[in-house]
Amino acid sequence: MRAQPFESVSSALLEGVERLVVEEHRVLFREVLGQPWSRPLAYRWIRYEDPDPIGRLIAATERLDAEWARHPEAAARRAVFGIWESAELDRLT
């Protein structure tokens, strides 16, 4: 997606990927780490106000990967999320 001009990325795909990133943030921070969570917190964490939303989503997934790596005890929950996420990505594309 990042290699394409922003205008050429379908809004359904962009919204779907955004939804996946926000949901992964919720699973990790609220379910696994037990931290308070809300959509506004997730969007601030993603820094989505940046003028490059695709870049922010990519950076957020990289940061989520790093955060999951710090919590190996949550590997089973991450695997369950990964199965759901793969199915959602297949549906979007």
Toy charge model, Lys and Arg Cβ at +1, Asp and Glu Cβ at -1: the chain dipole around Cα centroid in debye, rounded to 20, equals 280 debye
Farthest towards the positive end of the dipole of the chain, among His71, Ser86, Pro53 and with Cβ unit charges of +1 on Lys and Arg and -1 on Asp and Glu, lies the Cα of His71
Simple spin-label estimate for Arg30 and Ala87 in nanometres, 7 Å along Cα-Cβ: 2.0 nm
Give me the percent of accessible area attributable to carbon and sulfur for the chain, probe 1.4 angstrom. 56 percent
Quick one: accessible area per residue over the chain, 1.4 Å probe, rounded to a whole number of Å²? 61 Å²
For Leu33, what is the net charge nearby, where nearby means another residue's Cβ is under 13 Å from its Cβ and Lys, Arg count +1, Asp, Glu -1? +1
Candidates Leu33, Leu20, Leu64, ranked by Gaussian network fluctuation over the chain, Cα under 10 Å, top entry: Leu33
Considering only protein heavy atoms, with the full assembly of protein chains and a 1.4 angstrom probe, order Val21, Val80 by accessible area, largest first. Val80, Val21
What Rg and what Dmax come out for the range 39-88 when only alpha-carbon atoms are used, in angstroms? 12.4, 35
Please compute the alpha carbon radius of gyration of the chain, then divide it by the globular-protein estimate 2.2 N^0.38 Å. Two decimals is fine. 1.09
What helices does the chain hold that run 15 Å or longer along their axis, going by alpha-carbon atoms, with a Kyte-Doolittle average of -1.0 or more, using DSSP H for the helix calls? 11-26, 53-69, 75-92
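The values are calculated or read from the model by the stated rules, or taken from the named source; none is laboratory data. Since the structure is predicted, the reported quantities are computational estimates derived from the model, not experimental observations. FYI the Cβ positions are ideal-geometry reconstructions off the backbone, even for glycines, and counts take in every protein chain you see. SASA here: full protein model, heavy atoms, side chains in, ligands and nucleic acids out. Shrake-Rupley method; radii C 1.70, N 1.55, O 1.52, S 1.80 Å.
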